[in-house]
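Worksheet for the structure shown next.
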Amino acid sequence: MTTVEESTMDESALERHFEATIAADNRLEPRDWLPEGYRKTMIRQIAQHAHSEIIGMQPEGNWITRAPSLRRKAVLLAKVQDEAGHGLYLYSAAETLGADRADLTDRLINGRQKYSSIFNYPTLTFADVGVVGWLVDGAAICNQVPLCRSSYGPYARAMVRICKEESFHQRQGYELLMTMMRGTDAQRDMVQDAVNRWWWPSLMMFGPPDADSPNTAQSMAWKVKRHTNDELRQRFVDMSVPQAEALGVTFPDPDLRWNAERGHHDFGEIDWAEFKQVLKGNGPCNAERVAHRRAAQDDGAWVREAASAHAAKNAGRIGA
Ligand code: BYC
């Protein structure tokens, strides 16, 4: 979409306006002219992000009916519902770029668009609910706070609200784990076991190492991303170590130690072969997650048809 002023500008002037907006750290808005590559990148990232929020409802949703108390059930229900809301803001942001939401859903359920690798792992015990809140939402916050300054306005603004809600999510997870750690030996073992299973996949959430990340350089130049994958991963490791100590759990990494010279924690090699397998669709729950989303889409077809018929009838009445 172009404004009246823009329609009188030639392409190079539009390009200069785009570059100047980024250089000045201002936001690009739906009315602005955008280079095709930028538009494609934003749709790709926002759609993947939206899909992650929606698919991300499944691992924790799995525990709503089995939460151990009414309070835990209410908290979990609210959290999972928030994730649905995040997906909706993000699909709306993608629509401002010209994407069609039905088409995005189609691409998700046909495996043509990705969602975060993390949601392809199972939640085996209730401690997983706490660990997902602590580590997965913690990693998400670490990744998403800088995205509040992303150059595309609707995405950046969606991130502000999402991050506020994610911080509640992270605290509910940590509080749940603190409670379990004050419980029985069996409960403490359950927490440690969940931490052991989720630690490495959480580190994979930040994406491939910088040297193998095809999109980072361009996304940094466009200020879509503000930090590289490895920078954010390191930040997450550094912030998680003291939290684990306070909780009384360890991470399953014998190479994890403070490096005074670097002022950061060193950590072991991530299993990138596993990451690639999960991205290819071969993780422990990929098939189940997509099948569940496809079934929800099929089951909801009659609702969409009824809503469209109702809207058409109303439009006819207004027209008459
Ligand atoms: N999983 O060049 P790269 C949540 C893909 S939901 C899957 O580094 P980029 C929550 C990447 O897309 C949080 N795919 O890419 C919800 C690219 O593929 P394509 C979700 C991954 O974009 C419910 C290729 O690998 N957060 O918090 O520069 C309950 C090469 O990577 C992953 C977001 O979506 C991965 N882990 O950087 C609880 C954050 N990593 O498209 C919690 C927004 C990489 O070229 N996204 N890939 O085929 C981002 O910040 C960036 O897109 C990434 C990747 C850092 C993820």
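The values are calculated or read from the model by the stated rules, or taken from the named source; none is laboratory data. Treat the numbers as computed from the prediction; the structure is a model and nothing was measured. Cβ: placed from backbone, ideal geometry, glycine included. Neighbour counts: every protein chain shown.
When L76 is evaluated against the numbered criteria (1) touching a residue at least 24 places away in the same chain (Cβ under 8 Å); (2) under 22 Å from F168 (Cα atoms); (3) away from the ligand (no atom under 13 Å from the Cβ), which criterion, by number, is the only one it fails?
(3)
Filter the helices (runs of 4 or more DSSP H) completely within the range 260-320 down to those with at least 2 residues that are away from the ligand (no atom under 13 Å from the Cβ).
It comes to 286-299, 301-319.
Name the residues in the range 142-188 that are within 14 Å of the ligand (Cβ to nearest atom) and part of a loop (DSSP other than H, G, I, E, B), would you?
V145, S150, S151 - these are the residues of the range 142-188 that are within 14 Å of the ligand (Cβ to nearest atom) and part of a loop (DSSP other than H, G, I, E, B).
Output the residues belonging to the range 95-115 that are part of a helix (DSSP H, G or I) and in contact (Cβ under 8 Å) with a residue 40 or more places away in the chain.
The answer is L104, T105, R107, L108, I109.
Out of the helices (runs of 4 or more DSSP H) lying entirely within the range 1-94, which hold 3 or more residues that are surrounded by 20 or more Cβ atoms within 10 Å (Cβ to Cβ) and at pLDDT 95 or above?
Working: elements: 4-7, 11-23, 36-55, 57-61.
By residue number, 36-55, 57-61.
Which one of W302, W272 is of a type in the set (F, W, Y) and farther than 17 Å from Y121 by Cβ?
Answer to the check: W302.
Exactly one condition in (1) more than 12 Å from the ligand (Cβ to nearest atom); (2) at positive phi is not met by P252; state its number.
(2)
Collect the residues in the range 84-116 that are more than 21 Å from D298 (Cα to Cα), within 13 Å of the ligand (Cβ to nearest atom) and out of contact with any Pro (no Cβ under 7 Å at 6 or more places or on another chain), keeping them in residue-number order.
Hits for the range 84-116 are H86, Y89, L90, A94, S116.
Among the residues of the range 198-242, count how many are within 8 Å of the ligand (Cβ to nearest atom) and among the basic types (K, R).
Residues meeting the conditions: 1.
Does F126 count as more than 10 Å from the ligand (Cβ to nearest atom), of a type in the set (F, W, Y) and closer than 30 Å to L28 by Cα?
Values: more than 10 Å from the ligand (Cβ to nearest atom): yes; of a type in the set (F, W, Y): yes; closer than 30 Å to L28 by Cα: no.
So F126 does not fit the description; no.
What is the number of the single condition among (1) in contact (Cβ under 8 Å) with a residue 12 or more places away in the chain; (2) more than 16 Å from the chain's Cα centre (by Cα) that A140 does not meet?
Evaluating A140 over (1) in contact (Cβ under 8 Å) with a residue 12 or more places away in the chain; (2) more than 16 Å from the chain's Cα centre (by Cα) leaves (2) as the failure.
Which one of R171, R149, R182 is of a type outside the set (D, E), surrounded by fewer than 18 Cβ atoms within 10 Å (Cβ to Cβ) and touching a residue at least 40 places away in the same chain (Cβ under 8 Å)? Walk me through how you get there before you give the answer.
Details: R171 fails: touching a residue at least 40 places away in the same chain (Cβ under 8 Å); R182 fails: touching a residue at least 40 places away in the same chain (Cβ under 8 Å).
After ruling out the rest, the residue left standing is R149.
Looking at W198, W222, W272, W258, can you tell me which residue is within 18 Å of the chain's Cα centre (by Cα) and at pLDDT 95 or above?
W198 is the lone residue from the list that is within 18 Å of the chain's Cα centre (by Cα) and at pLDDT 95 or above.
Do you know which residues across the range 189-217 are over 18 Å from L124 (Cα atoms) and either outside any loop (DSSP other than H, G, I, E, B) or in contact with a strand residue (DSSP E or B) (Cβ under 9 Å, 6 or more places away or on another chain) (or both)?
L203, M204, D210, A211, D212, T216, A217
Considering only the range 238-276, state which residues are more than 21 Å from T179 (Cβ to Cβ) and of a type in the set (A, V, I, L, M, F, W, C). Don't jump to the end; show me each part of the working.
Filtering the range 238-276 for residues more than 21 Å from T179 (Cβ to Cβ) gives 238-239, 241, 252-276.
If the condition is that a residue be more than 21 Å from T179 (Cβ to Cβ) and of a type in the set (A, V, I, L, M, F, W, C), then M239, V241, L256, W258, A260, F267, I270, W272, A273, F275 are the ones that fit.
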